[in-house]
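Below: the structure, in C-alpha cells.
What follows is calculated from the coordinates using simple rules that are stated; it is not laboratory data. What you see is a predicted model, and the numbers here were worked out from it, not measured in a lab. Here the Cβ positions follow ideal geometry from the backbone for every residue, glycine too, while neighbour counts run over all protein chains shown.
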Amino acid sequence: MKILIVSGSFYPHNSPRSFRTTELAKEFARQDHEVKVIIPDTQYDYTEFEKNYISLKISQRPELTWQDISMRGSGIMYWTRRIVRRISIQFLEYPTIQWYLKMPKILRQESGYDLLISIAYPHPIHWGITRCIKKGMNISKTWVADCGDPYMGCKTSSFKPAFYFAYFEKWFCRVADFITVPFEAAKEGYYSAFQHKIRVIPQAFNFDDIKITDGYDPNEIITFIYAGSFIPGERDPRPVLKYLSSLDMDFRWIVYTKQTDLFEKYIPILGNKLVINDLLPRIELLYEMSKVDFLLNLEYGTNIQRASKLIEYTLVRRPILSLYSQDFETEKLEKFLHGDYSQQYYVSNIEDYNINNAVKKIIELTKKQV
C-alpha cells in the first residue's frame with residue numbers, strides 16, 4: 001500500500017502529535033508499506049532514521065516558514081506583543097493558517113496514494129487538504145483526518161477560534177472519508193452531522209520499544225513524576241504545589257517540562273522536594289518513570305479531551321494518580337504520598353494502544369472505501 005502522512009511535527013520533537021505521526025509512520029514501514037511523511041523543515045538530518053525504515057521517506061517542506069510571534073521584551077513591548085499574538089491566533093489562526101494557504105503547492109506533485117492521513121494539531125492541515133481536493137487534485141483513494149483534540153469544540157484552549165472558523169471545520173468534515181479520534185467521548189466535540197464518519201483509534205505505541213527498569217524497589221523518599229505541558233487555569237500545577245507546600249512530610253516531585261515559570265514561586269518553598277527538568281526523549285523518559293513510586297496526571301476539566309500520557313504512564317507499570325488540579329481531593333493525594341495506591345487510575349484494554357492494532361484499524365478503513 002502507498003501511504004502519505006501530512007503532519008505538523010515528527011521525531012525528535014516531543015509532543016503527542018509528533019508521537020502519533022512517528023509511531024504510525026514507523027509501523028506502516030515495518031509492515032512493508034511505502035510511506036512518505038510531509039512535515040515542516042526542521043533542519044534535522046533523517047538519513048539514519050530512514051536507513052532503519054527502508055520504505056519510509058521524510059520530506060521536510062521549506063514553504064512552512066511562518067513563526068509564532070515572539071514574547072520577548074518587557075513592559076509595553078511585552079503586552080503589545082501579547083495582544084497582537086492573541087488577535088493573530090484567535091482571528092487569523094496565525095501562523096498555522098499557512099498550512100491552508102500553502103498546501104496546494106506542497107502537494108502539487110503528490111498523487112496515486114492508497115491512503116492519505118492528515119494529523120491535527122494544527123487543524124489547518126485538514127483545511128489545506130480539503131482545498132487541494134476541491135481543486136481537483138487526486139491525491140489518494142482514502143483520506144483519514146486524524147484529530148487529537150476537537151477544534152471549535154475544544155474546551156481547554158486559551159484562544160477560542162473566531163466563529164467563522166466553524167465553516168472550515170465543517171468543510172473538511174464533509175470532504176474527509178473518515179475522522180479519527182483517540183477515545184469514544186471525544187466524539188462529542190464534533191458536529192452531529194459528521195458523527196457517522198468518526199472512528200476511534202487511540203494514541204498507540206510500539207510496546208517492543210518500551211524499556212523499563214528490571215526490578216522496582218520503593219524509593220527511600222516517596223518520589224513521583226509529572227511529564228509534559230500545562231494549561232494555566234486548567235491543567236495547572238499551582239494548586240497542587242500550594243497544597244504540597246503546606247505538608248510537613250518528605251517527598252520528591254520530579255517534573256519534566258518546558259513551562260518552568262509556573263513553578264518559580266514554589267521552588268524556594270519546596271527546595272529539594274521539587275526537581276524541575278527539561279523534557280527527555282520519550283524512550284529515556286519512560287525508563288525514568290519506571291523507577292519512581294507513582295505518576296501524576298493532571299486531568300482536563302472536560303470529558304471530551306484526555307491526556308495521551310495516560311497510555312505511556314500505564315506502559316511503565318507504576319500506579320497513576322489522576323486528578324483535576326482546580327478541584328482535587330487532598331485526601332486522595334495524601335494517600336498516594338503515604339504509599340496507598342488503592343485509588344489509582346487504570347487504563348483498560350491496553351492492547352488497544354498497541355501500534356500494530358491501531359494500524360490494522362486504519363488499513364481496515366481503506367477497505368471500506370473500495
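Some notes on this structure:
- Cut-off 13 Å, label 7 Å out along Cα→Cβ of LYS291, residues of the range 247-273 by amide N: 254
- Computing Rg and the Kirkwood Rh from the Cα coordinates of the range 115-259 gives a ratio, Rg/Rh, of 1.11.
- With a simple spin-label model that places each label point 7 Å from the Cα along the Cα-to-Cβ direction, the separation between ASN277 and ASP32 comes to 4.1 nm.
- Taking each DSSP H run with n ≥ 4 as -39500 (n - 2.57) and averaging over every residue of the chain yields -9500 deg cm²/dmol at 222 nm.
- Entries of LYS187/LYS360; LYS102/LYS141; LYS2/LYS291; LYS160/LYS291; LYS51/LYS367; LYS26/LYS367 with Cα pairs more than 32 Å apart: LYS2/LYS291; LYS160/LYS291
- Nearest-0.05 FRET efficiency for HIS196 and ASP250, computed from C-beta distance (R0 45 Å): 0.25
- Helix 165-175 vs. the chain, principal-axis angle (Cα, 0 to 90°, nearest 10): 60
- Per-selection Rg to Rh, the range 208-351 - Cα, Kirkwood hydrodynamic radius: 0.93
- Net charge dipole size for the chain [Lys, Arg +1 and Asp, Glu -1 on Cβ; Debye, nearest 20]: 1800
- Distances between placed amide hydrogens fall under 5 Å for ILE5 paired with LYS36, VAL37, ILE38, ILE117, all partners being 5 or more residues away or on another chain.
- Debye intensity ratio I(q)/I(0), log10, the range 190-272, q values 0.10, 0.13, 0.20 Å⁻¹ (C-alpha model): -0.46, -0.69, -1.03
- With Cα atoms, 0 to 90° folded angle of helix 355-367 axis to the chain main axis: 30
- Whichever lysines have a C-alpha closer than 17 Å to that of LYS105, once near sequence neighbours (fewer than 8 apart) are set aside: LYS36, LYS134, LYS135
- Amide hydrogen neighbours beyond the local backbone of TYR53, cut-off 5 Å, H modeled: none
- Taking LEU365, LEU298 and counting other C-beta atoms within 10 Å, the order from fewest to most: LEU365, LEU298
- Overall dimensions of the range 1-144 as given by Cα atoms, namely Rg and Dmax in Å: 16.8, 56
- Between helix 124-134 and the chain: long-axis angle, C-alpha atoms, 0 to 90°, nearest 10: 10
- Contour excess over end-to-end distance, with Cα ends at ARG238 and ILE212 and 0.36 nm allotted per residue: 6.4 nm
- Pairwise FRET efficiency - GLU284 versus GLN109, Cβ, R0 = 35 Å, nearest 0.05: 0.40
- Tensor-based shape of the chain (alpha-carbon gyration tensor, a/c under 1.5 rounded, otherwise prolate or oblate): prolate
- Overall, the range 247-339 carries a charge dipole of about 320 debye about its Cα centre when +1 sits on the Cβ of Lys and Arg and -1 on the Cβ of Asp and Glu, all other atoms neutral.
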